[in-house]
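Below is one structure, written out as structure tokens, with a few remarks after it.
All of the numbers you see were taken from the coordinates with simple rules; none came from a lab. This one's a predicted model, so the numbers in the text were calculated from it and none came from an experiment. Every residue, glycine as well, gets a Cβ built from its backbone with ideal geometry; the counts of neighbours run over all protein chains shown.
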Amino acid sequence: MRRRSGRLDLGGLHLDGLRVLRWAAVVVIAVLFSFPLYWVVVTAFNSHSGTLSIPPDFVPGLHAGAFLFVAEHTDWLHYMLNTVFVAGTTVALVIATSAMAGYALAELSFKGRGVVFFLVLAVIMLPAQALLIPQYAVALHLHLLNTYAVQIVPFAASTFGVILFRQFFKGLPRAYWEAARLEGVGHLRYIWRVALPLARPAVVTVALLTFITSWNQFQWPLIMTTSSSIQPIEIALSHYMQTFEANWRKLTSAVLLALVPIVVLFLLLQRHIVAGVAGRDSGVNS
């Protein structure tokens, strides 16, 4: 609040008030969105009587018996290994296909490049549920049902990944490719040795979002697989809902065990995700 020409200037006070209201709204929204996860933690670490107490106990206890039961008396580890294999393989394939497609759309001149890019964008408009029946028919005729391949191959390409890599590669100086060509480097080697390392935020962003999406797959493996030997953790959680019935401690413990890996990855790599989505930090110093 400053004084100008004998009058008080309330502009600064008005801005401070708006800033306080904005941060208050952010805190309220953050609490509302994080409370369900916090309640899962409280329930998982609570005692059996504490989960049913009225009024409820909002402070998590130190009871780890439910976690030990899930780890020792279920196939939790087997389901987790299945999920890690499917998600990891999917990430590797998505990075490879997205990088090559993004590079082709950004750097290579060929007839119909604009049409191809438009078709890539058009794929985003197709709801996945509308394609379930034809995709099931294709998997049935290719004898891919109830296999690891049916959980991986259909997701080996990502429209978001192609678009993100295209944007990063368009920002790379053309002089890099010219210098590489003088050294006898071809397009594929240039992608893996030069372009991808410079597009590190895009690589991390696509890898993490693909990993999370693959980790959380439920509808697709539920329809395409029947054997528990190849099913992921999300299918196991649906089985646990029937097995544990009203034992909320065991069910929430299984949920936390399935959630911890992706939460840790997200917390470690969130800075790169922001940079990748925003299109910043391409690794090129201007």
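Odds and ends about this structure:
- Here the residues 265, 77, ranked from fewest to most Cβ neighbours within 10 Å of their Cβ, fall in the order 77, 265.
- Shown here is the pair-distance distribution of the chain: with all Cα-Cα distances grouped in 10 Å bins from zero up to the longest one, the shares run 6, 19, 24, 22, 16, 9, 4, 1, 0 percent.
- Multiplying the residue separation of residue 108 and residue 143 by 0.36 nm and subtracting their alpha-carbon distance yields 9.0 nm.
- Unit charges at the beta carbon, dipole of region 66-278: most positive-side option, 231, 197, 214: 197
- Along principal axes, Cα extents of region 170-209, largest first, whole Å: 36, 17, 11
- When only Cα pairs below 8 angstrom with a gap of at least 6 residues are kept, the chain shows a relative contact order of 28 percent.
- Under a model in which nothing but the beta-carbon of Lys, Arg (+1) and Asp, Glu (-1) is charged, region 8-150 shows a dipole of about 500 debye around its Cα centre.
- Estimated inter-spin distance, residue 57 and residue 265, nm [label 7 Å along Cα→Cβ]: 3.4
- Per-residue ellipticity at 222 nm from helix content only, as computed over the chain with -39500 (n - 2.57) for each DSSP H run of at least four residues, stands at -22000 deg cm²/dmol.
- Highest-MSF residue in the chain out of 29, 191, 230 [GNM, Cα springs under 10 Å]: 29
- Dipole magnitude of the chain, debye to nearest 20 (Cβ charges: Lys/Arg +1, Asp/Glu -1, about Cα centre): 1420
- Residue (of 175, 65, 263) at the positive-pole extreme of the chain, dipole from beta-carbon charges: 175
- Kirkwood-Stokes translational diffusion coefficient of region 186-239, alpha-carbon pairs, 10 °C, 1.306 mPa s, µm²/s: 117
- Counting charges near residue 43 (Lys, Arg +1; Asp, Glu -1) among other residues having Cβ under 12 Å from its Cβ returns a value of +1.
- Span-like helix ranges in the chain, DSSP H, alpha carbon extent 24 angstrom or more, Kyte mean at least -1.0: 11-45, 76-107, 248-278
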